[in-house]
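Here the structure comes first, spelled out in structure tokens, and everything after it is commentary.
Every read-out reported here was derived from the displayed coordinates using simple, explicitly stated rules and does not represent laboratory data. For clarity, every value in this text was computed on a predicted model and none was experimentally measured.
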Amino acid sequence: MKKRQTVLNASLDNKVLELYGLGMSYQDIASHLKEMYDFDVSPATISAVTDKLIPIIAEWRSRPLEAVYPIIFMDGMYFKRY
């Protein structure tokens with residue numbers, strides 16, 4: 001990887017974002033990439049990749065909410081009779 005490069009490639013970026021979404025730390029993601037792909041990447045580079053999510057998260061948080069959200073609760077039991 002080149003110095004100061006923050007885009008690995010599209011598929012690897014997506015993999016980093018998926019692992020981050022699962023709650024893995026930057027160091028865990030770096031270890032996983034090293035183990036699976038024999039690819040060294042610094043936690044700072046992973047941080048730069050995950051920073052792409054910040055505008056998306058901010059947009060989602062500021063979206064207008066609906067006045068009503070319908071919810072259906074269902075409860076039941078199934079007995080098989082012989």
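Remarks
- Based on C-alpha pairs under 8 angstrom that are at least 6 apart in sequence, the chain has a relative contact order of 26 percent.
- Taking only the C-alpha atoms of the chain, Rg followed by Dmax gives 20.6, 71 Å.
- Under the Karplus curve 6.51 cos²θ - 1.76 cosθ + 1.60, θ = phi - 60°, whole-Hz ³J(HN,Hα) for region 16-29, x wherever Gly or Pro sits: 4, 5, 5, 5, 5, x, 7, x, 6, 7, 4, 5, 5, 5
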